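Below is one structure, written out as structure tokens, with a few remarks after it.
Each value in this text was obtained by applying a stated rule to the coordinates, not by laboratory testing. From a predicted model like this one, the values you see are computed outputs, not experimental measurements. Here the Cβ is made from the backbone with ideal geometry for all residues, glycine too, and neighbour counts use every protein chain on show.
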Amino acid sequence: MSAKKSTQVLIGGKIYTLSGYEEEEYLQKIASYINGKLAEFDELGGMNNFTVDMKSTLLEINIADDYFKAKDLCDKYEGDLEQKDKEIYDLKHDLISNQVRIETLEEELSTLESEKKELLSLKARLEASLEDALLGPDSND
């Protein structure tokens, strides 16, 4: 496990010291996110009339909303990934089945080609034999 670190971040115009095992870059990213949410509230106007507790609660609700939307999206992507994995599995199964079928058909084709050669050879011998029989043995003269 990595060592515990302390990092100073600026949130809402105040400096806070955060401690944890995460990298400073990550903690600064979190602080930036929270500052962005605070800026959104400032843009809304009318927030000055709320108490500090009310503002904090609204900020927490807003962050929780972002979290659950991101979690739902992540769950959707995980479901999509599972579906794609199943499709890939099915396609691989089909591919293997088709490869086996191709091999079987190639073997059958090879067997049929051998039989065709044998039959053509037999046909040629029979035709020659028939020709000899019809013309007689002395017809070569």
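Numbers below:
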{"quantity": "Exposure proxy ranking, count of Cβ atoms within 10 Å, fewest first, for Lys14, Lys117", "calculated": "Lys14, Lys117"}
{"quantity": "Net lengthening on full extension, Tyr77/Ile96 (0.36 nm per residue, minus Cα-Cα)", "calculated": "4.0 nm"}
{"quantity": "Residue-averaged 222 nm ellipticity for the chain, from DSSP H runs of 4+ at -39500 (n - 2.57), nearest 500", "calculated": "-28000 deg cm²/dmol"}
{"quantity": "Fraction of the pair-distance distribution of the chain above 28 Å, Cα-Cα pairs, percent", "calculated": "64 percent"}
{"quantity": "Sorted largest first, extent of the stretch 1-47 alpha carbons per principal axis (Å)", "calculated": "46, 15, 11"}
